[in-house]
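The values are calculated or read from the model by the stated rules, or taken from the named source; none is laboratory data. Given the structure is predicted, the values throughout are model-derived calculations rather than measurements. Virtual Cβ from ideal backbone geometry, glycine too; neighbours counted across all protein chains shown. Areas reflect the complete protein model, heavy atoms only, side chains present, ligands, DNA and RNA absent. Shrake-Rupley method; radii C 1.70, N 1.55, O 1.52, S 1.80 Å.
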Amino acid sequence: MPRQQGEPVFATEEQLYRLLREDWIDNSGRVIDAAVDLEGTSVDRSRFRDDPSDCLLDAAMHFVAVGAITFGDIPDQFDAPSAKPYESVVVYMRENGNDAHSEIQFWQAGDTKASKPNSKVLKSRIREALAQRMRIVHRR
């Protein structure tokens, strides 16, 4: 399970909603790796949303769907040969007008802030792991 920052704490079963563009969904309806932003994947907490579709209410039209990943399903660490390991940290960071906003961030083990990995293999592993665990829960 990933580390977390912010109050209230994330429950293991809490859903995190990700707005998705059409080009982040493959022909079989699965989320692809490009939907994961290594500089901080923006998500909304389900505890502050009545329904996943609420995420699309004020979203730009290029967002066509909402994906969900359970907090407890996010791997806590990512490794690759010849690369320092990275940890996942989910940060609750409410924004003006969006009390549900959070980010899934990636921190080099031992660091106190997010950073983007240099290793291509590690980048690929992080994106793939999160995309595979994300499912589409609403579509326009």
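Arg133 - would you say it is under 28 Å from Gly29 (Cα atoms), surrounded by 16 or more Cβ atoms within 10 Å (Cβ to Cβ) and not polar (S, T, N, Q)?
Taking the combined requirement at face value, the residue does not satisfy it.
I'm checking my understanding of the structure. Among residues of segment 45-77 that are part of a strand (DSSP E or B), touching an Asp or Glu at 6+ places or on another chain (Cβ under 8 Å) and closer than 17 Å to Gln4 by Cβ, which one is most open to solvent (accessible area, probe 1.4 Å)?
Filtering first and then ranking leaves Gln77.
Residue-wise test of (1) under 13 Å from Leu19 (Cα atoms); (2) among the aromatic types (Phe, Trp, Tyr).
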site	(1), (2)
Ala35	yes, no
Pro52	yes, no
Tyr92	no, yes
Glu95	no, no
Trp107	no, yes
Leu122	no, no
Met134	yes, no
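Collect the residues in segment 31-44 that are open to solvent by 20 Å² or more (accessible area, probe 1.4 Å), of a type outside the set (A, V, I, L, M, F, W, C) and in contact (Cβ under 8 Å) with a residue 40 or more places away in the chain, keeping them in residue-number order.
Asp33, Glu39, Ser42
Any idea which of (1) touching a residue at least 60 places away in the same chain (Cβ under 8 Å); (2) crowded, with 19+ Cβ neighbours inside 10 Å; (3) of a type outside the set (D, E, K, R); (4) not in a loop (DSSP other than H, G, I, E, B) is the one Pro117 doesn't satisfy?
Unmet for Pro117, out of (1) touching a residue at least 60 places away in the same chain (Cβ under 8 Å); (2) crowded, with 19+ Cβ neighbours inside 10 Å; (3) of a type outside the set (D, E, K, R); (4) not in a loop (DSSP other than H, G, I, E, B): (4).
Considering Ile104, Ile136, which residue is in a strand (DSSP E or B), under 16 Å from the mean Cα position of the chain (by Cα), touching a residue at least 12 places away in the same chain (Cβ under 8 Å) and more than 25 Å from Glu7 (Cα to Cα)?
Just a single option satisfies the conditions, and that option is Ile136.
Within segment 96-114, work out how many residues are among the β-branched types (Val, Ile, Thr) and open to solvent by less than 90 Å² (accessible area, probe 1.4 Å).
Residues flagged as among the β-branched types (Val, Ile, Thr) and open to solvent by less than 90 Å² (accessible area, probe 1.4 Å) within segment 96-114 amount to 1.
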